[in-house]
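Shown next, in structure tokens, is the structure this report addresses.
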Amino acid sequence: MSDAARTPAADISAQQRRGFWLRTLHQWHWISSAVCLIGMLLFAITGITLNHAAKIEGSPKVVNEKLVLPATLLGSLGKRDAGNAPLPSSVGDWLGERLKISIGSREAEWSEDEVYLSMPSPGADAWLSIQRADGTVEYERTDRGWISYLNDLHKGRNAGPAWGWFIDIFAIACVIFTVTGLWLLQLHARQRRMTWPYVGLGLLVPLLLALIFIH
């Protein structure tokens, strides 16, 4: 078979491969973009709010409450006087109902005089102490507002393991989105001469800023 006969077949095969990769990459690109859309919007906005946190952070609201643990529940604390362990479920349920909070299986710090429970959450800090002598309970919560809440979600601060898993999965989806986007740029680069200069600019600008202005 002559070279002239083989060339059109080779061209058709190359076009088919290119078409296959374009379709596959476009599919992965749009699926990953759909998965990432809301998360990327959240992280982009909170990137701005974190960068200007000192200027836009609101005034924290502090709530302080005091009550007395019933004698029967005080007795259920037992004789533990050191280490970390959750509160008895009966004590946790009673406090949760009275203070409108969720204690769950958080571990408290036990000492001879006091049981201290730290309850931080995104955008807020809270603590609770029980005096073992007379059952006096003091609870305090400091709420820093919804912007601080979103900022803490951005950092994964006190958001729990489920949110940590979400951040990991979201990051993987973002990697897929960017890699498929880069691959698509490579496939279209011949028709778009400014593709690689723009990509290079996206690398050069943060690199120069880091080298020149960050010390």
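The values are calculated or read from the model by the stated rules, or taken from the named source; none is laboratory data. Computed from a prediction, not measured in an experiment: that's the story for all the values here. All Cβ positions, even for glycine, are placed from backbone atoms using ideal geometry, and neighbour counts span all protein chains on display.
Quick look at the values:
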quantity	calculated
Enumeration of residues in the stretch 37-58 that are assigned to a helix (DSSP H, G or I), modelled with pLDDT under 90 and either under 30 Å from Gln186 (Cα atoms) or in contact with a helix residue (DSSP H, G or I) (Cβ under 9 Å, 6 or more places away or on another chain) (or both)	Ala53, Ile56
Residue check, Gly123 more than 26 Å from the chain's Cα centre (by Cα), outside the structural domain of His26 (by TED's automatic domain parsing) and among the small types (Gly, Ala, Ser)	no
Tabulated pairs, the stretch 178-202, first outside the structural domain of Met40 (by TED's automatic domain parsing), second surrounded by 12 or more Cβ atoms within 10 Å (Cβ to Cβ) and not aromatic (Phe, Trp, Tyr), C-beta under 7 angstrom, 6+ apart or interchain	none
Exclusive hit being closer than 28 Å to Ala159 by Cβ, over 26 Å from the mean Cα position of the chain (by Cα) and surrounded by 11 or more Cβ atoms within 10 Å (Cβ to Cβ), set Ala85, Ala53, Ala108	Ala85
Meets criteria (touching a helix residue (DSSP H, G or I) at 6+ places or on another chain (Cβ under 7 Å), more than 30 Å from Ala44 (Cβ to Cβ), of a type outside the set (Ser, Thr, Tyr) and in contact (Cβ under 8 Å) with a residue 24 or more places away in the chain) for Trp110	no
Among the candidates Tyr149, Tyr139, residue that is in contact with a helix residue (DSSP H, G or I) (Cβ under 7 Å, 6 or more places away or on another chain) and either under 30 Å from Asn64 (Cβ atoms) or among the charged types (D, E, K, R) (or both)	Tyr139
Where a residue in the stretch 71-90 is at negative phi and of a type in the set (A, V, I, L, M, F, W, C) and its partner, wherever it lies, is surrounded by 11 or more Cβ atoms within 10 Å (Cβ to Cβ) and assigned to a helix (DSSP H, G or I), with Cβ under 7 Å and at least six apart	Leu73/Ser90; Leu73/Val91; Leu73/Trp94; Leu77/Val91
Residues that are surrounded by fewer than 15 Cβ atoms within 10 Å (Cβ to Cβ) and either in contact with a Ser or Thr (Cβ under 6 Å, 6 or more places away or on another chain) or basic (Lys, Arg) (or both), drawn from the stretch 139-156	Lys155
All positions within the stretch 91-102 that are within 28 Å of the chain's Cα centre (by Cα) and in contact (Cβ under 8 Å) with a residue 24 or more places away in the chain	Leu99, Ile101
Search result, residues across the stretch 94-126 that are among the polar types (S, T, N, Q) and in a loop (DSSP other than H, G, I, E, B)	Ser102, Ser105, Ser111
